[in-house]
Amino acid sequence: MKNIALIIAGGSGQRMHQDIPKQFLNVYDKPVIIYTLEAFQRHPCIDGIVVVCVEGWIQILETYCRQFGITKLESIIPGGKNGQDSIREGIYKIAACHEEEDLILIHDAIRPMVSEEIISDCIRVAGEYGNAISVVQCTSAMLCTEDGETSEAQISRDNLKVTQTPQCASVGTLVRAHKEALEKGITNTVATCTLFIELGRKLYFSLGSEKNIKLTSVDDLEIFEALLNARKAEWIKE
């Protein structure tokens, strides 16, 4: 059985207020997406990588992959009109050349701090239970609002999990889920976990981390830079 990383890099990143997609922003002379790809390149259990890329950037990404030694790269394909489309196209691409029992780890290109432990646990849980969703415990007070400005109710955080990526299942499971979603008119769900929930599937949790941040704003980019600096400091101590 093989483990294939499906990296979703189809977003334009308008919230960063940059002229280029956020996954291609340079941080310390390296694009964000390369940090992400390197995490899967280094992992001994990852056999291949497929990237769904924003239109117009495929050749640039190919060049970056050669420059930074991403040798596990199998292919880069263009993204769809939304996230569900992009994930489905990536799954179908993998299904065309891999076995049904092989695992696909679907991961956001803009989560560059994914660790070896997170990837390993995602593979373990999916292999044992059929799927795996990386999560962390919700630690904030959660308030309900009707108008977006006020609240009179809360939700207990004790039973809440915050989802991350990677999210993992077998090739066959994912192909069938996406075909069923289209048949039921589900066309714009935001992630694999929400797709499974809408289809009535049970989800199984794997390890996440507060460091496994998603870069959606300038503040997130500054946090990422700080985490990289902290990692460099650890290397120096060692």
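The values are calculated or read from the model by the stated rules, or taken from the named source; none is laboratory data. Quantities reported herein were computed from a predicted structural model and do not represent experimental measurements. Positions of Cβ are generated from backbone atoms using ideal geometry, with glycine treated the same way; all protein chains shown enter the neighbour counts. Calculation scope for accessible area: heavy atoms of the full protein, side chains included, ligands and nucleic acids excluded. Shrake-Rupley method; radii C 1.70, N 1.55, O 1.52, S 1.80 Å.
Summed over segment 151-160, the residues that are hydrophobic (A, V, I, L, M, F, W, C) and surrounded by 12 or more Cβ atoms within 10 Å (Cβ to Cβ) give a count of 2.
Within segment 139-156, the residues that satisfy the criterion of being under 30 Å from Ser209 (Cβ atoms) and not aliphatic (A, V, I, L, M) are Thr139, Ser140, Cys144, Thr145, Gly148, Ser151, Gln154, Ser156.
Scan segment 34-43 and tell me whether some residue there is more than 22 Å from Ile213 (Cα to Cα) and open to solvent by 40 Å² or more (accessible area, probe 1.4 Å). Show your work before the answer.
In the first step, residues of segment 34-43 are kept if they are more than 22 Å from Ile213 (Cα to Cα); the result is none.
Scanning segment 34-43, I find no residue that is more than 22 Å from Ile213 (Cα to Cα) and open to solvent by 40 Å² or more (accessible area, probe 1.4 Å), so the answer is no.
Only residues in segment 119-139 that are closer than 14 Å to Thr163 by Cα and among the basic types (Lys, Arg) count as the first member; pair them with residues that are open to solvent by less than 10 Å² (accessible area, probe 1.4 Å) and modelled with pLDDT of 95 or more, Cβ under 7 angstrom, at least 6 apart or cross-chain, and list the lot. Cβ pairs passing all conditions: none. Restricting attention to segment 76-117, which residues are at pLDDT 95 or above, part of a loop (DSSP other than H, G, I, E, B) and charged (D, E, K, R)? Passing the criteria: Glu99, Glu100, Glu101, Asp102, Arg111. All of (1) out of contact with any strand residue (DSSP E or B) (no Cβ under 9 Å at 6 or more places or on another chain); (2) of a type in the set (D, E, K, R); (3) open to solvent by 30 Å² or more (accessible area, probe 1.4 Å); (4) within 23 Å of Cys193 (Cβ to Cβ) hold for Asp29 with one exception: (4). Within segment 126-150, if we keep just the residues that are in contact with a Ser or Thr (Cβ under 8 Å, 6 or more places away or on another chain) and more than 22 Å from Ala191 (Cβ to Cβ), the residue that is least open to solvent (accessible area, probe 1.4 Å) turns out to be Thr145.
Taking the listed residues Arg157, Arg176, the one that is without any contact (Cβ under 8 Å) to a residue 40 or more places away in the chain and more than 22 Å from the chain's Cα centre (by Cα) is Arg157, with no other qualifying.
Which of the following residues is modelled with pLDDT of 95 or more and surrounded by fewer than 12 Cβ atoms within 10 Å (Cβ to Cβ): Lys232, Lys237, Lys202, Lys211? Reasoning before the result, please.
Working: Lys232 fails: modelled with pLDDT of 95 or more; Lys237 fails: modelled with pLDDT of 95 or more; Lys211 fails: surrounded by fewer than 12 Cβ atoms within 10 Å (Cβ to Cβ).
After applying the criteria, what remains is Lys202.
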